[in-house]
Amino acid sequence: NTAYGRYNFYVNFMQQFDLNPLAVFEEPYESPVTTPDLYEEYPLILVTGVRKWGLFHSEHRQCPSMRQLHPRATSYLNSKTATKYGVETGDRILIENRYGSCTQHVEIDDCIKDDMLYVDHGWWYPERACDDGTYFGVMEENINRCLPMTPGKTGLGCSYKTQLCKIT
């Protein structure tokens, strides 16, 4: 039995790198717990990589049928959090943290935990000119502008779901 009631696989290869061969929870290096001062300045937990049916990472934005279903980059907030910030579905917000900023439109969704911001990723606008200064909108609405492109201690991934941010 495991403490969490789930399967836990022992990965021998992790020991070669002095890493725990069993998966364990570690508090993120940026969080309300590990960086309370930063949390005061950026009081929302940013969760990126929201998946929408028909879109795959940054692909299919150029397909008319997919753009009809998903016309723009969208962030999702709980209604309580949205009320706190005075935003409603359809409003455009500025998302900021110590790494950068971008803009997206808001959708209210009470499946989202309070004080969290779930954000679409991989956005660009193929209908824009490449020389308009936004590089097809990537420099405006792509949440990657708010991520530290630094891998975790295993070197196998970045912190896509644990950044702190604020919105206006």
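The values are calculated or read from the model by the stated rules, or taken from the named source; none is laboratory data. Worth saying up front: this structure is predicted, and the values here are computed from it rather than measured. Because the Cβ atoms are built from the backbone with ideal geometry, glycine has one as well, and the counts that use them run over all protein chains shown. In case anyone asks, the SASA skips ligands and DNA or RNA and just uses the protein heavy atoms, side chains included. Shrake-Rupley method; radii C 1.70, N 1.55, O 1.52, S 1.80 Å.
Taken over region 48-65, the criterion of being more than 19 Å from residue 109 (Cα to Cα), open to solvent by 80 Å² or more (accessible area, probe 1.4 Å) and not in a strand (DSSP E or B) is satisfied by 57, 62, 64. Among the conditions (1) open to solvent by 30 Å² or more (accessible area, probe 1.4 Å); (2) at pLDDT 95 or above, the only one that residue 129 does not satisfy is (2). How many of the residues making up region 101-126 are part of a loop (DSSP other than H, G, I, E, B), over 11 Å from residue 73 (Cβ atoms) and open to solvent by less than 30 Å² (accessible area, probe 1.4 Å)? The total comes to 1.
Taking residues in region 101-124 that are farther than 14 Å from residue 138 by Cβ and free of Cβ contacts under 8 Å to residues at least 60 places away in the same chain, and partners anywhere that are open to solvent by 40 Å² or more (accessible area, probe 1.4 Å) and of a type in the set (Gly, Ala, Ser), the pairs with Cβ atoms closer than 7 Å and at least 6 places apart or on different chains are 108/79; 110/79. When residue 166 is tested against (1) part of a loop (DSSP other than H, G, I, E, B); (2) of a type in the set (Lys, Arg); (3) open to solvent by less than 80 Å² (accessible area, probe 1.4 Å), exactly one condition is not met: (1). The condition of being surrounded by 18 or more Cβ atoms within 10 Å (Cβ to Cβ), β-branched (Val, Ile, Thr), over 14 Å from the mean Cα position of the chain (by Cα) and in a strand (DSSP E or B) holds for only one of 93, 45, that being 93.
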